[in-house]
Amino acid sequence: MEIKVLGPGCPKCHEAEKRVREVVAELGADATVAKVSDFQEIARMGVFSTPAVAIDGEVKCVGKVPSKAEIAAWINA
Amino acid sequence: MNDLRELRIDSMGGGMPGPGATPAPPAPDKGAGEAGQAGMARILALGIAALALWIAVYTHLEAWADAATYGLLGLERGSAFAAALAFFLYDGPKVLLLLTLVVFGVGIIRSFFTAARARRLLAGRGEAVGNVLAALLGIVTPFCSCSAVPLFVGFVTAGVPLGVTFSFLVSAPMVNEVALVLLYGLMGWKVAGLYLLTGLLVAMVSGWVIGRLKMEGHLEEWVRLIHAGQDQPEVEPGWPGRVRAGLEAVRDIVGRTWPWVLAGIAVGAGIHGYVPEGFMASIMGRDAWWSVLAAVALGVPMYSNAAGIIPVVHALLEKGAALGTVLAFMMSVIALSLPETIILRKVLKPRLLFTFVGVVSLGILLVGYLFNLIL
């Protein structure tokens, strides 16, 4: 599973990345977490409000830091 | 039930390290996970109770601050230190209380608006109407300045006119709930109203002017070539979700800005107590014609949030600075900043970037002179 956290590098984006990494560690999920901060790549994914989280190319949430419960639900889905 | 527990942990997790004097009004509404009539009634009852408590505390603050300064600590009335302390003890909790209530309310309002919805509303809209609508949407759409570039690309590729996009981009950071609460709490509703109206006006007009200049050719190539993906399907959060969004906004915004607010008020309190009356009149008064220009030149590259800058500005105003000068300074600090300009360079070629900064600065400058002239 490939999880991408999209955001240029503001505090909220860092918070989102941190939470995703924590949830992956807590669940012991087999997933790679990558931070995408290139604007062109972000735009190409159809995201224009950051931070956003995408799992295997599918955008799960935009414009907010998701809660841990939400992240866990996406990973387990 | 499990869902409810998680929600509770999540909402409490980061914690709001606010001072004891801030009984966050919406705090008891944690049971938002339950839908249906009973859940709704509970949310409502807790909300009303919290609001009553909020009002009770808010209306007694001044008396308490006075009692603490002159009664409890036995300071002498009229001394500079006592004046500064009483000011801080009153204004600090007052502004934090106002901020908590308003951020909660705005959090709920914002759950009705998303950047995607704003984009749909603005796409293909004609210019003048589009500029007005964009500036208004800028107030209620959740926006963080680091989203400026993705948002810009998203708007332009969806067919939102360039000038309309700029109206949104100016209004979103400038006219925000934190600024309005602080202005209302420290300087009254007239100043807050003036800021709201002139802020919107600057956003509408500068966007419209940029649109007239037909500078679409000055976007970076990749913006024009890119095929932005489709909108994500949106889920309507429902009322429990909206209340939760309000609580999250409180935790996020109040939790992040309270040290700034208190620091700003402390500086303001110092100026209130120690700087003599009328001191600022000579350098920031309305007779100093260059002061608006200097205020904007200083404010444009500066990067601060409303929370840090407004209490300072309030104290300057109190000591004789002219309202127009102060408004212009505040707007230029909040609306434009060096970091944002650098980040926008990724999508705007230099000429368009300079035009954007220039037109917005000019608008702010005019607002400053206008108020110094008529007030």
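The values are calculated or read from the model by the stated rules, or taken from the named source; none is laboratory data. Owing to the predicted nature of the structure, the values given are computational and were not obtained by experimental measurement. Positions of Cβ are backbone-derived with ideal geometry, glycine not excepted, and every protein chain shown enters the neighbour counts.
Scan A:Pro51, A:Pro66 and give me the residue that is surrounded by 17 or more Cβ atoms within 10 Å (Cβ to Cβ), more than 7 Å from chain B (Cβ to nearest Cβ) and touching a helix residue (DSSP H, G or I) at 6+ places or on another chain (Cβ under 6 Å).
Step by step, each of A:Pro51, A:Pro66 is checked, and only A:Pro51 is surrounded by 17 or more Cβ atoms within 10 Å (Cβ to Cβ), more than 7 Å from chain B (Cβ to nearest Cβ) and touching a helix residue (DSSP H, G or I) at 6+ places or on another chain (Cβ under 6 Å).
Among the residues in the range B:77-89, are any among the polar types (S, T, N, Q) and outside any helix (DSSP H, G or I)?
yes
Quick one: which residue in B:Leu53, B:Leu7, B:Leu96 is at pLDDT below 80, in a helix (DSSP H, G or I) and out of contact with any Asp or Glu (no Cβ under 7 Å at 6 or more places or on another chain)?
It is B:Leu7.
Would you check if there is a residue in the range B:191-203 being modelled with pLDDT of 90 or more, farther than 30 Å from B:Glu62 by Cα, under 17 Å from the mean Cα position of the chain (by Cα) and among the β-branched types (Val, Ile, Thr)?
yes
Consider only pairs whose beta carbons are under 7 Å apart and that are at least six residues apart or on different chains; among these, list those whose first residue lies in the range B:185-201 and is assigned to a helix (DSSP H, G or I) and whose second residue is at pLDDT below 90 and charged (D, E, K, R).
If the second residue must be at pLDDT below 90 and charged (D, E, K, R), the pairs left are B:Gly185/B:Lys94; B:Leu186/B:Asp91.
Just the residues that are facing chain A (nearest Cβ under 7 Å) and either at pLDDT 80 or above or assigned to a helix (DSSP H, G or I) (or both), please, taken from the range B:213-230.
B:Trp222, the sole residue that qualifies.
How many residues are within 14 Å of chain A (Cβ to nearest Cβ) and over 26 Å from B:Gly241 (Cβ atoms) if we restrict to the range B:105-137?
1
Can you find a residue that is on the phi < 0 side of the Ramachandran plot and either within 14 Å of chain A (Cβ to nearest Cβ) or modelled with pLDDT under 85 (or both) anywhere in the range B:348-356?
yes
Go through the residues of the range A:7-29 one by one and say whether even a single one is within 13 Å of chain B (Cβ to nearest Cβ), more than 27 Å from B:Phe113 (Cβ to Cβ), out of contact with any strand residue (DSSP E or B) (no Cβ under 8 Å at 6 or more places or on another chain) and not in a helix (DSSP H, G or I).
No - not one qualifying residue is present in the range A:7-29.
Looking only at the range B:138-160, filter to residues that are surrounded by fewer than 24 Cβ atoms within 10 Å (Cβ to Cβ) and away from chain A (no Cβ under 13 Å); which one of those is farthest from B:Met302 (Cα to Cα)?
The selected residue is B:Gly159.
If a residue has to be part of a loop (DSSP other than H, G, I, E, B) and at the interface with chain B (Cβ under 8 Å from one of its Cβ atoms) to count, how many in the range A:54-63 make the cut?
So the count comes out to 1.
Can you report the number of residues in the range A:27-61 which are among the small types (Gly, Ala, Ser), closer than 19 Å to B:Ala148 by Cβ and over 10 Å from the mean Cα position of the chain (by Cα)?
Residues that pass the stated criteria total 4.
Hey, B:Lys94 hits all of (1) closer than 23 Å to B:Val312 by Cβ; (2) touching a Pro at 6+ places or on another chain (Cβ under 9 Å); (3) basic (Lys, Arg) but one; which does it fall short on?
Only one criterion in (1) closer than 23 Å to B:Val312 by Cβ; (2) touching a Pro at 6+ places or on another chain (Cβ under 9 Å); (3) basic (Lys, Arg) is unmet by B:Lys94, namely (2).
Of everything in the range B:231-242 that's more than 14 Å from every other protein chain (Cβ to nearest Cβ) and under 22 Å from A:Ser49 (Cβ atoms), which residue is modelled with the lowest pLDDT?
B:Glu236
In the range A:34-45, which residue that is of a type in the set (Gly, Ala, Ser) and surrounded by fewer than 20 Cβ atoms within 10 Å (Cβ to Cβ) is nearest to the other protein chains (Cβ to nearest Cβ)?
Looking at the filtered set, the residue picked out is A:Ser37.
Name the residue that is surrounded by the fewest Cβ atoms within 10 Å (Cβ to Cβ), counting only residues in the range B:339-375 that are touching a Leu at 6+ places or on another chain (Cβ under 9 Å) and in a loop (DSSP other than H, G, I, E, B).
Looking at the filtered set, the residue picked out is B:Leu375.
Return the pairs, sorted by first residue and then second, in which the second residue is part of a helix (DSSP H, G or I) and among the charged types (D, E, K, R), the first residue lies in the range A:5-17 and is under 22 Å from A:Trp74 (Cβ atoms), the beta carbons are less than 6 Å apart, and the residues are 6+ apart or on different chains.
Matching pairs, first to second residue: A:Val5/A:Glu17.
So B:Val296 clears everything in (1) in contact with a helix residue (DSSP H, G or I) (Cβ under 6 Å, 6 or more places away or on another chain); (2) more than 20 Å from B:Phe354 (Cα to Cα); (3) buried (at least 17 other Cβ atoms within 10 Å of the Cβ); (4) in contact (Cβ under 8 Å) with a residue 60 or more places away in the chain except one condition, right? Which one?
B:Val296 satisfies all of (1) in contact with a helix residue (DSSP H, G or I) (Cβ under 6 Å, 6 or more places away or on another chain); (2) more than 20 Å from B:Phe354 (Cα to Cα); (3) buried (at least 17 other Cβ atoms within 10 Å of the Cβ); (4) in contact (Cβ under 8 Å) with a residue 60 or more places away in the chain except (2).
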